[in-house]
Amino acid sequence: MGKHRPLFVVVSAPSGAGKSTLCSRLLAEAPEFVYSVSCTTRAPRGDESDGVAYFFLSEAEFMERVRRGDFLEHALVHGNHYGTLKKTVSAAMAAGKSVILDIDVEGAGQVRRIVAGLPDGDALKEGFLDIFITAPSVEVLRARLVKRGEDSLAEIEKRLANAVGEIARAGEFSHIVVNAELDKAYSELRGIIADKVSGLDR
Ligand code: ADP
Ligand code: 5GP
């Protein structure tokens, strides 16, 4: 293998598809990857701590950072603001790390447009990979969300209603992984990443 060049990976999925499960496994097994910690105005859930799961900001703090142009992308998702800081991505890439963004389809679209406008040879453009993860059906998503037991039934229905619109945008992504059987989906994900790395090495 040639010299390592960092990847800039965007992963989107409807809630319950298994994105967190797949990304956690990738981050545990692939030390060259770092997770891009986003900012959000939503309240912390369970044992989420500030700076690890998210940077938890007030609405005023978030809007101030929007005004200052600190975000690479930002979007309103399920009624809360979420955004990726430019400096999170640039610091990771400058350190030679591959970075993984777990963001919604709207944010992924914004990133795709930014990348398309970059000159050839730019590290972000060369390393860009966008992947949509989904489940075999909305019914499977529902069953997983119910089994996960983290959200109220009302919240689950809201997420499933959003899922329909998200799945409708899957075709915007260059890769789609249908997470039916976890190990198989994980190997597919690793395969997509390995192909990208070997494409860069050529
Ligand atoms: P997301 O981050 O996309 O919302 P999670 O990774 O939290 O989804 O997965 C939702 C639930 O489904 C979790 O309880 C997880 O353990 C489970 N899960 C993930 N992948 C599979 C799979 N292939 N088969 C069955 N259950 C799965
Ligand atoms: P959750 O609140 O369940 O952690 O995340 C809800 C949704 O927000 C998920 O689809 C997640 O991918 C998305 N999200 C998390 N961080 C960001 C971000 O920085 N930007 C955008 N656009 N979406 C994000």
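Calculated mean residue ellipticity at 222 nm for the chain: -14000 deg cm²/dmol, from DSSP H runs with n ≥ 4 weighted as -39500 (n - 2.57), summed, divided by the residue count and rounded to 500. Within a straight-line Cα-Cα reach of under 13 Å, Lys147 can be paired with the following aspartates and glutamates, leaving aside sequence neighbours fewer than 8 residues apart in one chain: Glu139. For Lys184, list the lysines whose Cα falls under 19 Å from its own Cα; do not include residues on the same chain fewer than 8 positions away. The reachable lysines, counting only those whose Cα sits under 19 Å from Lys184, are Lys19, Lys196. Relative contact order, whole percent, for the chain stands at 33, derived from Cα pairs under 8 Å and 6 or more residues apart. So what's the Cα pair-distance distribution over the chain, bin width 5 Å, in %? Spelled out bin by bin, the chain gives 1, 7, 15, 20, 21, 18, 11, 5, 2, 0, 0 percent.
As a test, work out the antiparallel percent of DSSP beta bridges whose residues both lie in the chain, rounded to the nearest 5.
Roughly 30 percent of the beta bridges in the chain run antiparallel, per DSSP.
Over region 8-88, what relative contact order in percent results from Cα pairs under 8 Å that are six or more residues apart? Dividing the mean separation by the residue count of region 8-88 yields 26 percent.
Annotation for region 1-59: GluC sites (Glu not before Pro) lying in DSSP loop with at most 15 further Cβ atoms inside 10 Å of their Cβ are Glu32, Glu48. When you restrict to C-alpha pairs under 8 Å that are six or more residues apart and normalise by the size of region 101-178, the relative contact order lands at 40 percent. Taking a ≥ b ≥ c as the square roots of the eigenvalues of the Cα gyration tensor, region 9-105 is classed as oblate, since a/c reaches at least 1.5 and a/b does not exceed b/c. Counted as membrane-span-like here are DSSP H helices of the chain whose alpha-carbon atoms extend 24 Å or more along the helix's own axis and whose Kyte-Doolittle mean is 0.0 or above; there are none.
Read the figures in this text as sums done on the coordinates, not as results from a lab. In this text the structure is predicted, and so the values were computed from the model without any measurement. Every residue, glycine among them, receives a Cβ derived from its backbone with ideal geometry; neighbour counts consider all protein chains shown.
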